[in-house]
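First the structure, then my questions, so here it is.
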Amino acid sequence: MSTVKSDIDVNVPISVAYNQWTQFESFPQFMGGIDSITQTDDTHTHWNVSIAGIKREFDAEITEQKPDERVAWKSIGGEQHAGVVTFHRIADDQTRVSVQLDWKPDGIVEKVGALLQVDDIQIDRDLHRFKELIESNGFETGAWRGTVEREPDATGR
């Protein structure tokens, strides 16, 4: 598994940053390589991506979602990846957005890209584009404020 971590400070209130992040279908506006995302229900999305000439299609499930705190997901079948985005209030009008993504590179192109940390560079670029989008708008384009409770792990927590 390859792990990517990055964070960025955005000059908007935490609720604005969080609300925009819940608009999964808008991800292609700031995420490179994402062709489309379709939200099929409150906890499921379908992704079409093309990165370095490799096209992938997969489904993901939101495994935990707490307004103004975090959104976690994992892939369902096929692609192996999972991640979490957390939101941290710095000031009334400033929020730190932190991303951690774990994924399993498949094929030589993805394995070489992971070794060269191309995925780290891409996530940093994506977060900078998110910052530009949310700060230039000054408001979110929508919101989903529901909660998804995490399933207990093997220890019951």
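The values are calculated or read from the model by the stated rules, or taken from the named source; none is laboratory data. Since the structure is predicted, the reported quantities are computational estimates derived from the model, not experimental observations. Here Cβ is always computed from backbone atoms with ideal geometry, including for glycine, and neighbour counts include all displayed protein chains. Just so you know, the surface numbers come from the protein's heavy atoms only, side chains and all, with ligands and any DNA or RNA stripped out. Shrake-Rupley method; radii C 1.70, N 1.55, O 1.52, S 1.80 Å.
Could you give me the residue pairs with C-beta distances under 9 Å whose first residue belongs to the stretch 80-94 and is farther than 19 Å from Ser15 by Cβ, whose second residue is among the basic types (Lys, Arg) and open to solvent by 30 Å² or more (accessible area, probe 1.4 Å) wherever it lies, and which are 6+ apart or on separate chains?
These pairs meet every condition: Gln80/Lys74; Gln80/Lys104; His81/Lys74; His81/Lys104; Ala82/Lys74; Gly83/Lys74.
Taking only the stretch 35-74 into account, find how many residues are at pLDDT below 95 and at positive phi.
2
Looking only at residues that are among the polar types (S, T, N, Q) and over 13 Å from the mean Cα position of the chain (by Cα) in the stretch 1-18, which one is surrounded by the fewest Cβ atoms within 10 Å (Cβ to Cβ)?
Thr3
Would you call Val16 over 17 Å from Ile123 (Cα atoms), of a type outside the set (S, T, N, Q) and part of a loop (DSSP other than H, G, I, E, B)?
Against the criterion (over 17 Å from Ile123 (Cα atoms), of a type outside the set (S, T, N, Q) and part of a loop (DSSP other than H, G, I, E, B)), Val16 does not qualify.
Which is at pLDDT below 95, on the phi > 0 side of the Ramachandran plot and open to solvent by less than 80 Å² (accessible area, probe 1.4 Å), of Gly77, Gly146?
Gly77
I want to confirm something. Restricting to the stretch 106-143 and keeping residues that are among the basic types (Lys, Arg) and at pLDDT 65 or above, which single residue is farthest from Asp68 (Cα to Cα)?
Restricting to residues being among the basic types (Lys, Arg) and at pLDDT 65 or above, the top hit is Arg125.
I would also like to ask the following. Sort out which residues of the stretch 31-49 are without any contact (Cβ under 8 Å) to a residue 60 or more places away in the chain and not charged (D, E, K, R), and write them in order of number.
Within the stretch 31-49, Ile34, Ser36, Ile37, Thr38, Gln39, Thr40, His44, Thr45, His46, Trp47, Asn48, Val49 meet the criteria.
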